[in-house]
Number of protein chains: 4
Amino acid sequence: MAGRRQEEYRFGRILAISDGVFAFSLTLLVVDLVIPTSSSNSALASQLVAQLPALLSYLISFAVVALTWNSHRETFGYIRHADGWLIVFNFALLLLVAFLPFPTAVLGRNQNEPLAAVIYAVTLTLINLAAAAIWWYATRGHRLVDRDLDHHVVKKRFSRLAIGVAVFLVSIPVALWQPYVAEIMWLPLFGVVLFIRTPS
Amino acid sequence: MAGRRQEEYRFGRILAISDGVFAFSLTLLVVDLVIPTSSSNSALASQLVAQLPALLSYLISFAVVALTWNSHRETFGYIRHADGWLIVFNFALLLLVAFLPFPTAVLGRNQNEPLAAVIYAVTLTLINLAAAAIWWYATRGHRLVDRDLDHHVVKKRFSRLAIGVAVFLVSIPVALWQPYVAEIMWLPLFGVVLFIRTPS
Amino acid sequence: MAGRRQEEYRFGRILAISDGVFAFSLTLLVVDLVIPTSSSNSALASQLVAQLPALLSYLISFAVVALTWNSHRETFGYIRHADGWLIVFNFALLLLVAFLPFPTAVLGRNQNEPLAAVIYAVTLTLINLAAAAIWWYATRGHRLVDRDLDHHVVKKRFSRLAIGVAVFLVSIPVALWQPYVAEIMWLPLFGVVLFIRTPS
Amino acid sequence: MAGRRQEEYRFGRILAISDGVFAFSLTLLVVDLVIPTSSSNSALASQLVAQLPALLSYLISFAVVALTWNSHRETFGYIRHADGWLIVFNFALLLLVAFLPFPTAVLGRNQNEPLAAVIYAVTLTLINLAAAAIWWYATRGHRLVDRDLDHHVVKKRFSRLAIGVAVFLVSIPVALWQPYVAEIMWLPLFGVVLFIRTPS
């Protein structure tokens, strides 16, 4: 009884700190958009148009954090126990999510630089890697999940997470070669990710 | 039993991420106010007076986020199940709420530009549209609400949400024509919205 | 039963948005401190010393938000029902708490200007007024509290909240006359507030 | 019964405000990284390389907040009652955690200045001191913990917290003498802290 209450407490705290970081990261992204101040309507318009690339990377990052949150929610929906390593892996994911506003802003202000796109692609790859690592660690030998959790579910979910890693890994050389192509590639990709995901 | 716990977990996470984004957005709005530094009392006073338009758009945005939160609270008070599309619609609303500090700051620093007021009015319209879309999606065929939820309640609430969309839609051309009129129009409007809303 | 679940849901959401705003406001205050960059150790030291007034107003504001949160926690510990007006009063308090980083930064950068101290003192007065208003509204005719809540408790708590309002109201003319005196007055005052407060 | 509900409410609020401050502090650290804007790929690269020291102090601070959160979670897992002084001690810890982005940014931009490293080391020492003080206050005479909590557990945990204080205290003179050595000393130290901590 006491053990179960402890388990619930620990679990609740991990979710609270995670949702806090996700929510803050979602909201903080907007800070990097530069507020234009101008003397005429047309000057304001051209300044806002100049912000469009930054707006695009803002949207991509928002989608990334939202999808990562959703994946985190699904993973932790299967987890029944929490141990020290789960907390370490979880903080690795949160570190990358909290860090994302930086590469987003770098990309938003340096759209033509392959380096900016590469740094961004690497960050997205690492986020997906951390999400996959949590699932791998939790399900390995049914370490933190229910004993009767179907092997099929474990594998299916793992391969989906692995596809996420693979796709962003592939986008790294694309970003090096053509930053714009990589960016345009990412957006529809989220549509696909959303579609292949069974609602759970 | 397990299904219900899963349902509660999923619901709890959605509310946690939503309240987080609402709370940060409410607090982040203040960041766009420029801190004056001055050498005399009268210089400080004139700099603060110059901030008054920015303060007005700050107040309007705070009211918008507060009312949107309240509407979100009411809607989710009726929702019993959560599916993948609800999460997508919810993130669309959160994206707009998290984005609001940007058009608020643009309006605050460019009060005389119709374009700034139009962008602001469009954002408010989209926020209301997203809130109405969630209600429409959740109640359509009693998809996510209790089966015995009165049709009258569904319709009444939907028409109120639709009025919100209509009013902000109308304010778009007004903003184009007279930015100040649109702004002055919004504030009392919140009073009305507050008044017609039955406390629940 | 359903009614009680609704009550718990509504209450939970109000606390979630409130704690979010309090926590964010506590953390956001630090953003207004200017990060010095210097070429020598002594230059850095003198720049940090120049920041001391800003640090003082940072500490005062942190204490104000912490004490307001504590008062909010106590008040809502007595509240059993939540209605539309409670939400409105609560948002008035949250608006002032979320706004506090602005007068804090204005004071931090304009320590010698009476106007800056007056704006700060007015904000503190309004925060205390909003906190007192919530208690008054909730307990008036036992509107939102338990019927058997002792009249003595209601009155005692109300007079303490009223003292808070009175003290900050008095500090407004002091701030106009001697900004430094008002500031130095506030810090020990928090000690007193802390002391007269029975731990609950 | 009512008393227990009150106890749970009070405890829940303290955890909510704490997790909020921890989560914001984790995410806010990224704001201090300067977003480079450049005209060529190599210029961007050199600007990013110039950011590496700031990135290092970002990582250290993230690790500090994460470890402090973990220690807070462990401590509050043992606490059964909450009183006024616990709230005061807890706010002292939260003040230091919320303040951390400031010394982090000062260090990030003034890596060669012993003063910057000393201020940072002092802040880390105080954070560890506050965490130890909470444990000491809560367990002293079993004030806020279960009566049957083993003395062994109390002492073991206290000595671990005391070691944390001692290590950062020692790093103050090191920082004064060789800022870089202190920084390089801190990172592996977190590995050790992580390792000696039994997962609970």
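The values are calculated or read from the model by the stated rules, or taken from the named source; none is laboratory data. Computed from a prediction, not measured in an experiment: that's the story for all the values here. As a convention, Cβ positions derive from the backbone with ideal geometry for all residues, glycine included, and neighbour counts pool all protein chains shown. In case anyone asks, the SASA skips ligands and DNA or RNA and just uses the protein heavy atoms, side chains included. Shrake-Rupley method; radii C 1.70, N 1.55, O 1.52, S 1.80 Å.
Points worth noting:
- D:Ala82 more than 12 Å from the chain's Cα centre (by Cα), farther than 27 Å from A:Val97 by Cβ and among the aliphatic types (A, V, I, L, M): yes
- Test result for A:Leu86, of a type in the set (A, V, I, L, M) and in contact with a strand residue (DSSP E or B) (Cβ under 9 Å, 6 or more places away or on another chain): yes
- Those residues of segment B:20-41 which are facing chain A (nearest Cβ under 10 Å) and among the small types (Gly, Ala, Ser), in sequence order: B:Gly20, B:Ala23, B:Ser25
- Number of the condition not met by D:Val65 [criteria: (1) more than 9 Å from chain A (Cβ to nearest Cβ); (2) out of contact with any Gly (no Cβ under 7 Å at 6 or more places or on another chain); (3) surrounded by fewer than 24 Cβ atoms within 10 Å (Cβ to Cβ); (4) not in a loop (DSSP other than H, G, I, E, B)]: (3)
- Being within 10 Å of chain A (Cβ to nearest Cβ), under 19 Å from A:Leu55 (Cβ atoms) and among the charged types (D, E, K, R) is a property that does not hold for B:Asp83.
- Verdict on A:Ser46 being of a type in the set (S, T, N, Q) and more than 8 Å from every other protein chain (Cβ to nearest Cβ): yes
- Of all residues making up segment A:103-135, the number that are open to solvent by less than 10 Å² (accessible area, probe 1.4 Å) and within 8 Å of chain D (Cβ to nearest Cβ): 4
- Filtering segment B:1-38 to residues that are among the small types (Gly, Ala, Ser), open to solvent by 10 Å² or more (accessible area, probe 1.4 Å) and either within 21 Å of B:Thr68 (Cα to Cα) or part of a helix (DSSP H, G or I) (or both) leaves B:Ala2, B:Gly3, B:Gly12, B:Ala16, B:Gly20.
- Of the residues in segment D:50-57, at least one is open to solvent by less than 10 Å² (accessible area, probe 1.4 Å) and more than 8 Å from every other protein chain (Cβ to nearest Cβ).
- From D:Ala105, D:Ala82, D:Ala116, D:Ala66, residue being modelled with pLDDT under 95 and touching a Lys or Arg at 6+ places or on another chain (Cβ under 7 Å): D:Ala82
- C:Phe91, sole failed condition from (1) open to solvent by 10 Å² or more (accessible area, probe 1.4 Å); (2) more than 9 Å from chain B (Cβ to nearest Cβ): (2)
- Being touching a helix residue (DSSP H, G or I) at 6+ places or on another chain (Cβ under 9 Å), open to solvent by less than 30 Å² (accessible area, probe 1.4 Å) and over 22 Å from B:Asn90 (Cα atoms) is a property that A:Ile60 lacks.
- Boolean, B:Phe91 is touching a His at 6+ places or on another chain (Cβ under 8 Å) and at pLDDT 90 or above: no
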